[in-house]
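Step one of this worksheet: look at the structure below.
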Amino acid sequence: MRRTSDRIRPALVVAVAAALVVSGCIASDDGDRFRLGAVDLADPYVPGSGNGGYEVSHYRLAVGYDPPSDRLTGRAVLTATATEALSRFNLDLAGLDVTAVRVGNGPAEHRRDGDELVVTPDAGIARGGRFTVEVDYAGVPTAKDDGQLGTGGFLHTADGAIALGQPYSAATWFPVNDHPSDKATYDVEVTVPDGLEALANGVPGERTSAGGRTTWRWSEASPMASYLAFLVIGDYRVSTGTHAGRPIVTAVPASMPEDSPQARSLARTGPIADFLASRFGPYPFSSYGGVAVTDERIGYALETQSRPVYGPGFFRDGRPNLDVVTHELAHQWFGNSVALNRWSDIWLNEGFATYAEWLWTEHDGGRTAQQSFEREYAVTDWSRASLDPGRARLFGTAVYQRGALVVHALRRTVGDDAFFRILRTWTTERRDGNATTDDFVALAERVSGRSLRSFLDTWLTGTSAPALP
């Protein structure tokens, strides 16, 4: 993620896979004991988000949206596996009315508790048991405002809607285990009035029309953190094609000229992704793309999986902005394919995405990565840590710019050959999964054959300028 109000880019952030908090037990008829699922994962960066006791493997979402009334209707089917024997469990869902819930083949009791949907199935679910949850819901969706992290979620627009944000977004338009530590695949159907486009993640599917409404279908077959799921609905000019044998879908508002800076920037998506693949390893997803929006409330760009969304502030000078495209595409490797287990490790996303900008600038004939490093090193406030920066500084300069300094310092220390082997090994071995800073340090030491813990600790959290490698 990258905000226009800063010189840096806010990020994807991830959460703690905390131990379950057991709030009680009941006995089933056969003598098994079932626990009440944890209310949340106790992540201090996003309190209340995410739930324990189960892991979701797939979301099948069918939503309809009516712009004049701003009303959303939806049916969500979640496929999950219990990580504990459960008598009940929670889903995150903000501000929408639930009309029915089914678990497996039968109806389930449900109630709302703030932004939580509490589900009690007729029978307990055994540990390791695979189950489905079907939720019917409707209402006028609203965004979630956080005093420190900003506003994210479902926004009504002049011609449709935008569902977007980090770390909060998904729970404002579908029931979800809203935490990056629980990644899942997605199939999404979006039904809107004829004449409007409905864009989401992944590979486009069949589009059908009936009764004055069109249903758009999208499929993301690689596991995805929930905050990376998005919707953009409105009057857009959609361009489709293929790149490297995969579909590429880009969209800009229909009101923009065909040679707008947004359209010219998104047209470079394929070549920039190819350049990054030459450094980071194969592109990790089944589709490419990007969406530009004009709503001024979107003061950032976000690395929504396979199809980043770009706010208007990056194109005000009338020229293409390839830095922001590079940043968001780099996240497809660092942050999306390899996602975080906890938000405190966000530098793993933003440091590498910022460093990708330095690499692209050098490749494109501008400053070298070493020159970018020297410039940032000279102005860095070393009192602010990259690792575990604190909630208020989750999207701060230390995460982005100091994070990139850490990456280049590692390169200087181990040499180019070992450095790029570290990156490619990381994106290969951790593909479609989650990871921590400790995981990265261990892998870097293994690949380079060097002890790096003390060195990386100093660059990540030291309070004075480290010695230049």
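Expressed as a whole percent, the accessible area of segment 339-469 that falls on carbon and sulfur atoms is 44 (1.4 Å probe). With Cα atoms defining each centre, segment 342-409 and segment 42-72 are spaced 31 Å apart in the structure.
Based on protein heavy atoms only, the chain ends up with 37 Å² per residue of surface accessible to a 1.4 Å probe. Taking the Cα centre of segment 78-158 as origin and assigning +1 to Lys and Arg Cβ atoms and -1 to Asp and Glu Cβ atoms, the resulting dipole is close to 260 debye.
For the chain, the residue among Pro44, Pro223, Asn336 whose Cα projects farthest onto the positive side of the dipole built from Cβ charges is Asn336. DSSP assigns beta bridges within the chain; of those with both partners inside it, close to 80 percent run antiparallel. For segment 399-469, what does the alpha-carbon gyration tensor say about shape, rounded, prolate or oblate, given a ≥ b ≥ c as the root eigenvalues, a/c under 1.5 as rounded, and a/b over b/c as prolate? Note, shape of segment 399-469 comes out prolate. Comparing Val325, Phe314, Leu423 along the charge dipole axis of the chain, the residue lying farthest to the positive side is Leu423, per the Cβ-charge model. If you plug the beta carbon distance of Ser255 and Arg367 into 1/(1 + (r/R0)^6) with R0 = 35 Å, you get a FRET efficiency near 0.50. In the chain, helices alone account for a calculated mean residue ellipticity at 222 nm of -6500 deg cm²/dmol, with every DSSP H run of four or more residues adding -39,500 (n - 2.57). With the charge dipole of segment 103-203 set up from +1 on Lys and Arg Cβ and -1 on Asp and Glu Cβ about the Cα centre, the Cα lying farthest toward the positive end among the listed residues Pro180, Gly128, Gly165 is that of Gly128. Given +1 at the Cβ of Lys and Arg, -1 at the Cβ of Asp and Glu and no other charges, the dipole of segment 258-348 around its Cα centre is 140 debye to the nearest 20. Charging the Cβ of each Asp and Glu at -1 and of each Lys and Arg at +1, and nothing else, the dipole of segment 309-352 about its Cα centre rounds to 80 debye.
The values are calculated or read from the model by the stated rules, or taken from the named source; none is laboratory data. For clarity, every value in this text was computed on a predicted model and none was experimentally measured. Quick reminder, even Gly has a Cβ in these numbers, built from the backbone with ideal geometry, and neighbours come from all protein chains shown. Ligands, DNA and RNA are stripped out before the accessible areas are found, and what is left, the full protein with its side chains, is counted by its heavy atoms. Shrake-Rupley method; radii C 1.70, N 1.55, O 1.52, S 1.80 Å.
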